[in-house]
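Below you'll find the structure, written out as structure tokens, and then a few comments.
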Amino acid sequence: MKIEIVLFKVSFILIGAMNPCPCGYAGSNTLYCTCSPKQIVAYQNKLSGPLRDRFDINLSLSPVNLRSVHTSKEESSSAIRKRVEAARKRQYKRYGREIVNGRVSYDTLLTSPLNAEQQRTLQQFSYKKNCSNRTQIKIMGLARTISDLQGSVGITDQSIWEAVKLNSLAERKDVTGIKMKGI
């Protein structure tokens, strides 16, 4: 019997979601959470820091009242598509191949480095919030992508702070205000 091994190169996007607590109502303005702070911390720590560290974007979402949502200020899908296509062209030109900021190596990402002030700010923030090197690199890649979407040649200060907000691992606290282990 001959066994043949076939390897496929894969690339995927992983999207995950979890409730803020076991009952799902922590932080709700309309429903009462029945979980203790200890239960909430234990629940949220089921997903380890090193695993959370591998997500580029980490957000805590609040409920939205669909009746009060206004869509008049929203950007159209076609306008977003044009911005994404332009950003991808910038990345192709920068790296000389079809690759996005989230997939390039750290050394390649540094072809558009932070300026000295931005680097110092990110280091101070990372030290204060105890961010891992991986999280800092994720923030840099995300800031590079945000700048590309804005049409900026370099990484802007605004894009760094937006990336920090989108990767809220750096700011994550559970709904009780207790700093969680490994986060």
task = Please find, within region 66-107, the residue that is farthest from Ile146 (Cα to Cα) out of those that are assigned to a loop (DSSP other than H, G, I, E, B) and open to solvent by less than 90 Å² (accessible area, probe 1.4 Å).
result = Val69
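Residue by residue, here is whether (1) open to solvent by less than 50 Å² (accessible area, probe 1.4 Å); (2) among the aromatic types (Phe, Trp, Tyr) holds:
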{"position": "Asn19", "(1), (2)": "no, no"}
{"position": "Tyr25", "(1), (2)": "no, yes"}
{"position": "Asn29", "(1), (2)": "no, no"}
{"position": "Ala42", "(1), (2)": "no, no"}
{"position": "Asp53", "(1), (2)": "yes, no"}
{"position": "Asp56", "(1), (2)": "no, no"}
inquiry  = For region 118-160, give me each residue that is more than 27 Å from Ser78 (Cβ to Cβ), open to solvent by 70 Å² or more (accessible area, probe 1.4 Å) and at pLDDT below 90.
reply    = Gln119, Arg120, Gln123, Gln124, Tyr127, Lys128, Asn130, Asn133, Arg134
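The values are calculated or read from the model by the stated rules, or taken from the named source; none is laboratory data. Computed from a predicted model, the values in this text were never measured in an experiment. Glycine also receives a Cβ, built like all others from the backbone with ideal geometry; neighbour counts cover every protein chain displayed. Note: accessible area is taken over every heavy atom of the protein model, side chains too, but ligands, DNA and RNA are not part of it. Shrake-Rupley method; radii C 1.70, N 1.55, O 1.52, S 1.80 Å.
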